[in-house]
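Okay, structure first, notes after.
The values are calculated or read from the model by the stated rules, or taken from the named source; none is laboratory data. Only a predicted model underlies this, so the values are computations on that prediction, with no experimental measurement involved. Neighbour counts are summed over all protein chains in view; Cβ atoms, including those assigned to glycine, are modelled from backbone coordinates with ideal geometry.
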Amino acid sequence: MTMQAGAGSGFLKLSLSGIKRAAWKHRWQAVLAGWIVGGVLAAAVTIAPQRYEASARIYVDTQTVLKPLMAGLAYQPDIEMQVRMLARTVISRPNVEKLIEVPNLGLEPKQLANRERLVDSLMQQIKFTATGSGNQYSIVYRDKDPERARRIVEATLALFVDSTEGTKRRDSLEATRFIDEQIRSYELKLIDSENRLKEFKLRNFGVTGVSNQDYFGRMSALTDEVSRLKTELLAAEQARDTLRRELSSEAPLLPPEARPAVVTAPSELDARLDAQKRQLDELLRRYTEEHPDVANARRVIGQLEQQKRAEEAARARPGGEKMAATSPVYQQIRVQLAETEARVSSLRAQLSTQQARLDQIRATAGKVPQVEAELAQLNRDYDIMRKNYEALVSRRESASLGVKLDESSHLAEFRVVDPPAVGPGPVAPSRLHWPCSRSSPRSPQSSGRRCYSSACGPPSMTCSN
């Protein structure tokens with residue numbers, strides 16, 4: 001191991017010494033090659049065209065006075081986010097293609113001839129970057145023609161401002177158009193929902209609009225009413241039968257010795273007619289003219305009046321038989337019987353009406369849950385359509401107000417901090433040290449002087465050792 005290490009060390013020393021001898025032997029060739037390479041590089045730097053840098057800075061102010069005042073009233077897009085997105089995409093192929101169409105940019109014909117190459121070159125050379133904090137951006141471009149560099153920066157700045165304004169207007173118009181289409185669609189849906197709800201209510205008239213609990217409550221109330229009417233009818237029929245028995249056992253005429261000279265008591269027909277009229281007055285206080293009980297009472301009154309006119313006509317005929325005096329008790333019983341019969345007729349009519357209603361409710365009781373469920377579904381669909389329609393109309397008004405606000409006051413204000421301008425001298429290629437390197441090696445003090453030649457640029461640009 002020791003012998004191998006010694007052999008390796010000796011070989012390394014021989015190699016280094018060989019390299020040194022070879023370098024010393026060819027030192028003048030190396031110096032000559034270095035001078036040739038340096039001269040070529042110096043010539044290339046000297047011949048390379050000078051490039052000037054144009055720049056501009058812009059600040060986008062998205063905080064306006066109206067923005068907090070109109071919060072909640074008008075639609076306000078996130079302008080700050082839109083500006084940031086546009087700043088990332090402003091140097092895109094479509095935008096650069098628009099940029100080269102701007103007149104008086106000073107582009108050379110040979111550049112315009114190769115359009116694709118020109119677009120690619122501008123996309124690489126135009127620098128659009130955010131600087132500092134907030135919405136502050138800088139635009140930098142270098143060109144051998146300082147005026148052309150300034151114009152391209154100016155056109156890029158205008159393109160950025162126009163793109164932001166155009167994007168806001170385009171977004172507002174597209175949003176308004178979309179909302180209008182949705183409003184028309186929901187308006188048709190709302191009309192269709194209203195028609196379906198109307199047809200359903202007409203088809204299920206008498207069932208809809210009553211909850212299940214109320215429906216069975218009505219059934220219970222009608223059942224109680226029918227039971228009450230049956231009880232009253234039974235009592236009235238019993239009273240009628242009693243009066244009939246009393247009337248059959250009572251003598252209708254007074255004995256001859258008890259007959260008065262002039263009979264002034266009302267006839268049986270008059271009593272029945274008066275009782276029926278009182279019954280009609282009682283019915284009219286409870287029901288309308290269209291009620292069956294009222295119509296039945298009027299029919300009975302008409303028959304009694306017709307019968308009375310017939311009796312009066314019979315008495316008026318010559319030779320008419322004069323009626324004998326009627327017993328007052330018999331007459332009173334007849335009056336009570338007439339009233340009772342009228343009440344029985346009224347109770348029967350009321351019972352028939354209420355029983356028909358109860359039968360109808362019982363027949364439709366099984367449909368109530370299904371009808372109520374379908375009605376709830378239709379109402380729910382209608383409410384959803386109506387709420388969406390009203391929300392879209394409100395959004396449209398908010399969007400319209402937002403567009404007017406944007407057009408009148410501009411939600412974003414562009415402030416040019418530094419207008420497009422070109423520096424006082426070229427920025428490339430860098431030739432600061434070439435005059436110093438050409439100083440005489442025999443004058444060491446010359447390396448400490450300031451060099452103000454044209455190759456070093458303006459006087460403020462110095463090169464010192």
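Within region 96-148, track down each residue that is touching a residue at least 60 places away in the same chain (Cβ under 8 Å) and within 29 Å of Thr62 (Cα to Cα).
Lys98, Leu99, Thr131, Gly134, Asn135, Gln136, Tyr137, Ser138, Ile139, Val140, Tyr141
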> In region 105-161, which residues are in a loop (DSSP other than H, G, I, E, B), of a type in the set (A, V, I, L, M) and within 44 Å of the chain's Cα centre (by Cα)?
Replying inline: Ile126
> Can you tell me which residues in region 363-373 are in contact with a Ser or Thr (Cβ under 9 Å, 6 or more places away or on another chain) and either of a type in the set (D, E, K, R) or not in a helix (DSSP H, G or I) (or both)?
Replying inline: Glu372
> For residues in region 92-104 being touching a helix residue (DSSP H, G or I) at 6+ places or on another chain (Cβ under 7 Å) and not in a loop (DSSP other than H, G, I, E, B), which is surrounded by the fewest Cβ atoms within 10 Å (Cβ to Cβ)?
Replying inline: Arg93
> modelled with pLDDT under 60 and surrounded by 14 or more Cβ atoms within 10 Å (Cβ to Cβ): does that describe Leu254?
Replying inline: yes
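Looking at region 1-52, which of its residues are touching a helix residue (DSSP H, G or I) at 6+ places or on another chain (Cβ under 8 Å), modelled with pLDDT under 75 and of a type in the set (A, V, I, L, M)?
Ala23, Ala42, Val45
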